[in-house]
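Below: one structure, written as C-alpha cells.
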Amino acid sequence: MKLIYFGIAIFCCINLLSCDIEKNNTTNELEKSVGMNDGKQLRHIVLFKFKNEVTKAQIERVEKAFAELPQKIDEIKGFEWGLNNSPENLNKGFTHGFFLTFDSEEGRDIYLPHPDHKAFGKIVDPILEDVFVLDYWTN
C-alpha cells in the first residue's frame, strides 16, 4: 500500500512540476509578445563611420533622416544620438552614435524590415565605411 501512495505522490509532483514549467514558458512568451520584461528595455545601439569623401551636407541628411524614424515607426520608444567626443581616441573612426529603445524584441523585429527603416538605409549605406550595431536588454 505504501508503494501505491509513493507512486501517486511522485506522479503528482511530476505533474505539478510540468504544469509550472509550461506556465513559465507560456508566461515568458506572453511577456515577450506584449513587452513585459520586468521593466527592462531593449537597447539598439548603432555607430557609424563615414567614408572620407563624404560631405557635411550628406552627413546632416543622415542625421535628419535617422532622427525622423521615431515619428514614422511606433515601435521606437526612445531615441537619441550624438557625436563622439571621447578624449581616449578609441573610437576607431566611428563618429556618430544612435541609441534606440524598444519595449520588446518583437518591436525591434518590426523596426528592422520596416519600409521607413529600409528607405533610411538607402540614404546612409552608400556613404558608410562601416557600421557597428549592438543590442542588449537593460539590467
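We did not get these values from a lab; they are worked out from the coordinates using the rules stated. This is a predicted model, so every value here is computed, not measured.
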Spelling it out for GLU75: with amide H atoms placed in the peptide plane at 1.01 Å from N, the residues 5 or more places away or on another chain with amide H under 5 Å from its amide H are none
Under 21 Å between C-alpha atoms, the lysine pairs in the range 42-137 lying 8 or more places apart or on different chains count 18
